[in-house]
1. Starting at the first residue of region 254-261, write each ³J(HN,Hα) from the Karplus equation 6.51 cos²θ - 1.76 cosθ + 1.60 with θ = phi - 60°, in whole Hz, x for Gly and Pro.
2. So what does the Cα-only Debye profile of region 106-236 read at q = 0.10, 0.15 Å⁻¹, as log10 I(q)/I(0), no solvent term?
3. Past the 26 Å Cα-Cα mark, which pairs from LYS30/LYS145; LYS100/LYS211; LYS105/LYS321; LYS211/LYS321; LYS145/LYS235?
4. Counting just the Cα atoms, what span does region 1-73 cover along each of its three principal axes? Round to the nearest Å and put the largest first.
5. Where the centroid of each part is defined by its Cα atoms, how far is region 126-178 from region 285-364 in Å?
6. Does region 225-332 classify as rounded, prolate or oblate by the C-alpha gyration tensor (a ≥ b ≥ c root eigenvalues; a/c under 1.5 gives rounded; else a/b over b/c gives prolate, otherwise oblate)?
7. Given H placed 1.01 Å from N in the peptide plane, which residues other than close sequence neighbours of PHE276 have an amide H under 5 Å from its amide H?
8. Give the accessible surface of region 244-400 per residue, rounded to a whole number of Å², with probe radius 1.4 Å and ligands, DNA and RNA excluded.
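The values are calculated or read from the model by the stated rules, or taken from the named source; none is laboratory data. Computed from a predicted model, the values in this text were never measured in an experiment. Here the Cβ is made from the backbone with ideal geometry for all residues, glycine too, and neighbour counts use every protein chain on show. To get the accessible areas, we keep the full protein, side chains included, count just its heavy atoms, and leave off ligands, DNA and RNA. Shrake-Rupley method; radii C 1.70, N 1.55, O 1.52, S 1.80 Å.
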Amino acid sequence: MVKVAVLGYGTIGRGVVTVLQGNADTIEKKAGKRVEVKKILDLRDFPGDPNADKVVHDYEEIRTDGEIQIVVECMGGLEPAYTFVKTALQQGRSVATSNKELVAKYGAELIEIAKENTCNFLFEASVGGAIPIIRPLLSCLTADKIEEIAGILNGTTNYMLSKMEREGADFHEVLKEAQAKGYAELHPEADIEGWDACRKIAILTSLAYEKQVDFEDIPTEGITNITAEDIMYAKKMERTIKLIGQSWISEGKVYAMVSPMLIEMDHPLAPVKGVFNAIFVHGNMVDDVMFYGQGAGSLPTASAVAADVVDCVKHIGKTVKINWSKEKLALGDIGGFERKFFVRLPGDTPEDKIRDLFGEVEMITVPGLDEKAFVTKAIKENDFDKAAAAVNVINRIRLH
Ligand code: HSE
């Protein structure tokens, strides 16, 4: 029997308890030992909940309980999660977490502490919810040089963009729906401003290149500027708008960014709708592969956490090797990168002026919208910014 403590009894923590208890027999067969949730840490009480008697309010009760061998962290945020996880690892207890903030910031350090204490720090659920991506990156794709990762990495924003596109739904209404379904972060700015996707691409890029990618270094834009009009233009262009977290390698430098992008309809990421995420990886040998599944939500995310618990049980007394050093990876400057941009300007902007500033463009018209909208040729980000500063841009979106 292996006893587990779950930190945080919110959307994911409850899901993990449900999976560990609901699939206890299957998990026992796979792990080779029975797994029992012994304690649950939360500030709240849960009267009437079948696990109410397991709830404790003080981490000391878990720290000092010598029977607990695995800690599952689903609290989110950096503190006190970091202190609790670090303490558990220093005690030689393995940790499974879904906390992308924690992993992005302290992943390299916590992996090192786990190694020093012959236990494991596993975090499959921190990127892409239910989607197996961390393990495939570390094992199935380990013989490849990863040249590109591009993903829909946030379920909330993909759910919102899909509903806005399909039903013309209002941004704020659809955000409320995503919150009610348990997809959104406690502070949904993290979703809609792209910060959550930023942490996830930082984790994947760190694992792909085995060094610390600081999420603060990744240029990040969210979806708060995307309007019904942008979606009308996207349809006219036979494209769809997705929030993309991407990193790629060019001339030996690694680049990363998060931003909404106009994707062609025949790209494999285009049909990914609702709360689903997908992560497209290009390796120098494997070519293109894509991983797909539910990117947020209680049970799908919990299923990935519970799988890490099984792995922790299987590896008691051993450390699973994860190469992610604390050495910082300096990212390339995206300012020199060329892309096409879709741009919307007020209807009275002279087309001559547009061509003087942006070069050859392809005009896009949508009946009923009195605007000058166009797609540029591939242009460096820095040059685009200079040109855009000379006009009154309503919005601009990068083309993928
Ligand atoms: N808020 C996150 C999302 C949860 O919507 O993807 C899963 O990390």
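1. 9, 10, 8, 6, 10, 6, x, 9
2. -0.41, -0.82
3. Details: LYS30/LYS145 32 Å; LYS100/LYS211 17 Å; LYS105/LYS321 19 Å; LYS211/LYS321 14 Å; LYS145/LYS235 36 Å.
In this structure, LYS30/LYS145; LYS145/LYS235 lie more than 26 Å apart at Cα.
4. 33, 26, 18
5. 9
6. The shape class here is oblate.
7. GLY295
8. With all protein chains present, region 244-400 gives 46 Å² per residue.
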